[in-house]
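Below is one structure, written out as structure tokens; the observations come after it.
The values are calculated or read from the model by the stated rules, or taken from the named source; none is laboratory data. Keep in mind it's a predicted model, so treat the numbers as computed, not measured. Every residue, glycine among them, receives a Cβ derived from its backbone with ideal geometry; neighbour counts consider all protein chains shown. The protein model used for the area step is the full one, side chains on, heavy atoms only, and it has no ligands, DNA or RNA in it. Shrake-Rupley method; radii C 1.70, N 1.55, O 1.52, S 1.80 Å.
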Amino acid sequence: MAMEQKAAPSSAPISLVQEIAALWGECLGGREVGAEDDFFALGGNSLTGIKIIERVSQDYGVQLSVRDFYLAGTPTRIAELIEQGRAGT
């Protein structure tokens, strides 16, 4: 099942997914983060989540809700939300 998730096409550019993964890694103490890594499995918590949401707002001009961030849970899905926000959908 995990292989199917990784194979699912993303509407977000790979470069954006990589940028989000790098941001998560930075906020999570310099760890390596993959495109499909789960925020909470990596040790993420509410304070770290808020930091990431603030950085996304500053860096990409897209305001994510805390709920959307937690439900998305992976760099790929966050990148998709950023793309949707940029498109105004």
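A few notes on this one:
- Sum of side-chain charges, Ser11 neighbourhood, beta-carbon under 14 Å (Lys, Arg +1; Asp, Glu -1): 0
- Net charge of neighbours whose Cβ lies under 14 Å from the Cβ of Ile82, counting Lys and Arg as +1 and Asp and Glu as -1: -3
- For the peptides 67-77, 44-54, the ranking by packing is 67-77, 44-54, with the highest mean count of neighbouring Cβ atoms within 10 Å listed first.
- Two-decimal ratio, region 46-89, of alpha-carbon radius of gyration to 2.2 N^0.38 Å: 1.02
- Helix content alone sets the calculated 222 nm mean residue ellipticity of the chain: runs of n ≥ 4 DSSP H residues at -39500 (n - 2.57) each, divided across all residues, give -18500 deg cm²/dmol.
- Evaluated over the chain, the Cα radius of gyration and Dmax, each in Å: 12.0, 35
- Taking the protein heavy atoms of the chain in the context of the full set of protein chains, the accessible area attributed to carbon and sulfur is 52 percent at 1.4 Å.
- Net charge contributed by nearby residues that have their C-beta within less than 13 Å of Phe69 (K/R +1, D/E -1): 0
- Annotation: per residue accessible area for the chain equals 61 Å², rounded to a whole number [probe 1.4 Å, protein chains only].
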